[in-house]
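A.B. asks: One structure follows; several queries about it will come next.
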Amino acid sequence: MPACHLEPEDKRAFVGAVGEELVRKHGKQKYYNPSEIRRAAEIRGYPIDIHCWAYCIFATPEDFQAIHQAAGEVCDYAAMKAQVLAELSTGGTFQWLDVDLSWLEWPDINLSSVFDWFDFT
């Protein structure tokens with residue numbers, strides 16, 4: 001199992017805690033500087049080997065890639081972000097009212113393209 005593996009409920013708690021810390025220190029932003037993300041995770045007591053989950057949510061795609069290239073790692077920003085957002089939006093013990101997630105950049109979904117494959121004629 002990779003070092004950065006987290007169970008969905010742990011990932012939700014981690015992303016919520018780091019996000020709360022970032023908003024508390026820096027206000028609501030679309031993206032945060034990697035050093036701000038790292039510091040927020042450290043303040044909340046999380047080990048460095050799982051920070052990649054915070055980078056995929058709070059950093060720009062370019063910063064995410066730069067961090068992983070510098071470390072000699074290959075991680076898929078879009079896949080990781082999609083996984084985290086899917087886990088944030090489903091079941092478990094996570095309660096939407098526990099954490100203000102309004103600062104998250106939720107992906108734009110074009111509903112008309114969802115049905116492009118279906119021929120209605």
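The values are calculated or read from the model by the stated rules, or taken from the named source; none is laboratory data. Please read these numbers as outputs of a predicted model, since none were measured by experiment. So basically every Cβ, Gly included, is an ideal-geometry build from the backbone, and we count neighbours across all protein chains shown.
A.B. asks: If I filter segment 39-49 down to residues being over 13 Å from the mean Cα position of the chain (by Cα) and crowded, with 18+ Cβ neighbours inside 10 Å, which single residue comes out as farthest from HIS5 (Cα to Cα)? If you could, list the steps in order and put the result at the bottom.
C.D. replies: Taking segment 39-49 as the starting set, the residues that turn out to be over 13 Å from the mean Cα position of the chain (by Cα) are 39-40, 42-49.
Right, trim to crowded, with 18+ Cβ neighbours inside 10 Å and you get 40, 46.
Details: ALA40: 19, TYR46: 13 Å.
Selected residue: ALA40.
A.B. asks: Inside segment 23-48, can you point out the residues that are outside any loop (DSSP other than H, G, I, E, B) and in contact (Cβ under 8 Å) with a residue 40 or more places away in the chain?
C.D. replies: Within segment 23-48, the first condition is being outside any loop (DSSP other than H, G, I, E, B), and the residues that meet it are 23-26, 34-43, 48.
Hit for segment 23-48 is VAL23, nothing else.
A.B. asks: Only one residue in ALA54, ALA79 is modelled with pLDDT under 90 and either within 11 Å of the chain's Cα centre (by Cα) or farther than 13 Å from LYS11 by Cα (or both), so which one is that?
C.D. replies: Values: ALA54 fails: modelled with pLDDT under 90.
After applying the criteria, what remains is ALA79.
A.B. asks: Ok, one more. What is the number of the single condition among (1) modelled with pLDDT under 90; (2) surrounded by fewer than 12 Cβ atoms within 10 Å (Cβ to Cβ); (3) part of a helix (DSSP H, G or I) that GLU62 does not meet?
C.D. replies: If we test GLU62 against (1) modelled with pLDDT under 90; (2) surrounded by fewer than 12 Cβ atoms within 10 Å (Cβ to Cβ); (3) part of a helix (DSSP H, G or I), just (1) comes out false.
A.B. asks: Filter segment 12-33 down to residues that are modelled with pLDDT of 90 or more and small (Gly, Ala, Ser) and give me whichever is surrounded by the most Cβ atoms within 10 Å (Cβ to Cβ).
C.D. replies: Result: GLY19.
A.B. asks: Right, next: Going by what's in this entry, would ILE67 be described as surrounded by 15 or more Cβ atoms within 10 Å (Cβ to Cβ), touching a residue at least 24 places away in the same chain (Cβ under 8 Å) and under 14 Å from the mean Cα position of the chain (by Cα)? Spell out the reasoning first.
C.D. replies: Details: surrounded by 15 or more Cβ atoms within 10 Å (Cβ to Cβ): yes; touching a residue at least 24 places away in the same chain (Cβ under 8 Å): yes; under 14 Å from the mean Cα position of the chain (by Cα): no.
No: the conditions fail for ILE67.
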